Structure formats: structure tokens, C-alpha cells
Ligand code: NAD
């Protein structure tokens, strides 16, 4: 019996149109890259290349809506959970975030325009209030607390089913194993009912956030790997993903990981004594007061001009941050408006990821070329010139050679 190749292009469509053929090829290619990235933690192309192909597929599907199928990469989140871990079904799906294709400031304007249109606001209406955050380049995690005790940590997986990685996550010092009973009144720009007295920790609380590796921890880890003659990691995200999905918690404990909280999953409803947050900003403040790390750079922004200012401000700050970000995220602040805006297949309408232009593909000093296998695949021929390759950390030290 022949083994089925899961990533082979589907049988050709009777439509012999160029777009249809390209669509099939793009889907097969994106499925393969997503599997390497999400399931094997071994990407073979830079994110910018993946994003470019993804956008091309989206454009074909917009032009031919009847060609959209549920198994298209545009309709799915992440990758299937690994069978080695127990499977966790997320009570609230862990979705993706739409990426704004325009990486310039006008991308923020485009998002605000879409939100205002969806909410049927006119020019006479006040600006929409957003929360602007960093987009951490790690992997999404859902932490479940019952009666204030961490009982489960799960990866996003395919958004509906994730992997139970509780033992590995317990080794991250920044993640509280137990959270306190109550908090004082959170700071906030727009008070809403229920926020005056602060919030008790609800009996069920799922905290969503990003597990990541700081750059200095990543460099130190790769140094150790080199000393031991073991495989080094491509970048901090890849190292973090590998550590979280380690089958041996002892090894995971030796990999230095960090965490930032940015949202909630399932939470005891307000009518059963849970917190009645009115805004996303207020829930971030509560998370901070409950002891979760929340990035200092979270800001409220009124309308597109303040989103644009934030995008520019963070672009200037990006290289000084001790960890990688691949953009910023804008979220509508009012939770009532978020509910009104709702979701499309794999992403909420009330949030967008606004990335920065892809960095130059070179990272070697002038006159050097890369000999790393994965890097050659990413930048065929080996790139020459000055610059920083955010995709392929560490290659320069062990694999660059004079041309
Ligand atoms: P995404 O990573 O672009 O955005 C969604 C994720 O953002 C969330 O799951 C969350 O983990 C994260 N996030 C970080 N900061 C956040 C914040 N402040 N608030 C909310 N969420 C935040 O979406 P995705 O669907 O996971 O992945 C798509 C991206 O992954 C692509 O854009 C591509 O860059 C990369 N990718 C690369 C390859 C490759 O082969 N190189 C393959 C697949 C995907």
C-alpha cells in the first residue's frame, strides 16, 4: 500500500485556470511550511516569505470566494497538536490575529477605518479607543487556574485542541503557581461598572499570553549547546517552542523561558461572581495586580493617529527591547464593542497585528556568506552584506565564512 503524502498538492481541479493551479500550489506549500513551523518547530523559510505566500493565497480566495474550502491555510489556526502530549480542548478557542498587510503607518489607518465601518460610525462620532500592545514573538499559551491554583497549561495547537504542557510551564519562574485572593482598584483611563473595588480572583481563570525567550538567554543557551557539541537553535521563538514541547520537564527546566500575559480565555461569568471587566485595559491591569507579567509598553490610543504614533514609537524602541517582537497589536478597548464586532473564521474583527517591514535578508558582515543549510534555503546563494537577520540568529558565528 502506498503511504499518503499529506502535503502533496490536491488532485488538479477541473478548472484549468492559472489562478486555480496557483491556489493548489500555494495551499500545499503553506501547509508544508505551517507543519514545519508549528508542529516540528523547524521552519525552513523566513516569516516574511510565509506571510507573502499567505497574502497571495488570500488575494486569490478574495477574487474567487467559491474556491474557499475549510482546509485552506487561510481558514485554519496553527497546526495539529503532537500526539506525544495529552490533548486539551480549549473552552474558548485560541484564535489567530489578522495581519495588516500594509506595514507602513497607513496600516493602522486601514484598521481604524474597517472598525468604524463595521460599527457604522460616522465622522461626527468620537474616535474609537484602542489598546496598543507589543506583538511578542514566542508561542501562545493558555494557563488555567482553578481556585487560584495553576492546574493546566496548554499550547494553542490548532486553536480548538492544544497540547498539555503543564509540567514544562511550571518550570517558568514568572508564571505564578498560585494567585492571591483580591486586588486593589486597577488604574484605568475609562472606568466602567464593577471596576471600582478591584477584582477577586475568579474560581475559573484562564490567562492567555506568550511564552518567549529573551535574547540574552537565547544567546547563552546556544553558547552552551555549542560547548556541548549539540544542535543550536535558529531563533528565540524556535528555542522557546522547542523547550515548551520538551517531553522531559528536566530539560525544559534548563531552558530559560519568560512570559507575558495579554488576555483571557474562559473565566467565571460576572453573574456567577466573576469579574465584570468593561475594557481590555482594565483586564490587563487586573492581570498585573494578580501577579502576571504584563509589558510596560501597553498604551491606550484614541483613533488612528495615536495608533500610528505608537507604531512609530515602538519601531524606534524595538532593537533596545531584550526580547523579539514582530510587530504591534491593536485591540478595541471596550469589551462591549469587541462583542459587537465579533469574529471571522480564524480571527477577531476587533484586533489586528501590525507588523514592521521585513528586515533585510542579510546578516553577515560584508564579504561573508552563510553556509548554514536552513539559511541557504531561506536566502538562496547565501546573502552578502551588512545587516541583521532576525530570522537566523547565531548563524554568523558558526556558519559564516569569507566569500
Ligand atoms: P500570529 O503569530 O501572526 O498572531 C497570533 C498570535 O500572536 C497569537 O496566537 C499570540 O500567540 C501572538 N501574540 C503576541 N503578542 C500578542 C498580543 N499582545 N496580543 C495577542 N496575541 C499576541 O498568527 P499565527 O496564526 O500564529 O501565525 C502566523 C505567523 O506565524 C505568520 O505571520 C508567520 O510570520 C509565522 N509563520 C511562519 C512560518 C514559517 O515557515 N516561517 C510558518 C507558519 C507561520
### Query
Here is a list of conditions, (1) under 19 Å from the mean Cα position of the chain (by Cα); (2) more than 10 Å from the ligand (Cβ to nearest atom); (3) under 29 Å from residue 239 (Cβ atoms), and residue 331 meets all of them except one; can you say which number that is?
(2)
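Please determine, by comparing only the residues of the range 130-159 that are away from the ligand (no atom under 16 Å from the Cβ) and touching a helix residue (DSSP H, G or I) at 6+ places or on another chain (Cβ under 8 Å), which one is nearest to residue 295 (Cα to Cα). Before you say what the answer is, go through the steps one by one.
Within the range 130-159, the subset away from the ligand (no atom under 16 Å from the Cβ) is 144-152.
Those still in the list that are touching a helix residue (DSSP H, G or I) at 6+ places or on another chain (Cβ under 8 Å) too: 150-152.
On the way: 150: 21, 151: 24, 152: 23 Å.
Only one residue tops the list, namely 150.
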### Task
Working only within the range 78-98, note down all residues that are within 13 Å of the ligand (Cβ to nearest atom) and modelled with pLDDT under 90.
78, 79
### Given (1) in contact with a helix residue (DSSP H, G or I) (Cβ under 9 Å, 6 or more places away or on another chain); (2) more than 15 Å from the ligand (Cβ to nearest atom); (3) part of a loop (DSSP other than H, G, I, E, B), number of the condition residue 291 does not satisfy
(1)
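Would you confirm, using the coordinates I've provided, whether residue 44 is within 12 Å of the ligand (Cβ to nearest atom) and either in contact with a helix residue (DSSP H, G or I) (Cβ under 7 Å, 6 or more places away or on another chain) or under 20 Å from residue 344 (Cβ atoms) (or both)?
In short, yes.
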### Query
Which of the following residues is surrounded by fewer than 20 Cβ atoms within 10 Å (Cβ to Cβ), within 13 Å of the ligand (Cβ to nearest atom) and either closer than 23 Å to residue 118 by Cα or within 20 Å of the chain's Cα centre (by Cα) (or both): 278, 265?
265
### Query
Is it the case that the range 77-88 has a residue that's touching a strand residue (DSSP E or B) at 6+ places or on another chain (Cβ under 9 Å) and without any contact (Cβ under 8 Å) to a residue 60 or more places away in the chain?
no
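Only one residue in 54, 7 is modelled with pLDDT of 90 or more and either near the ligand (Cβ under 7 Å from one of its atoms) or touching a helix residue (DSSP H, G or I) at 6+ places or on another chain (Cβ under 7 Å) (or both), so which one is that? Steps first, answer last, please.
Numbers: 7 fails: modelled with pLDDT of 90 or more.
Of 54, 7, the one residue that is modelled with pLDDT of 90 or more and either near the ligand (Cβ under 7 Å from one of its atoms) or touching a helix residue (DSSP H, G or I) at 6+ places or on another chain (Cβ under 7 Å) (or both) is 54.
The values are calculated or read from the model by the stated rules, or taken from the named source; none is laboratory data. If you're wondering where the values come from, they're calculated on a predicted model, not measured in any experiment. Neighbour counts run over all protein chains shown; Cβ positions are idealised from the backbone, glycine included.
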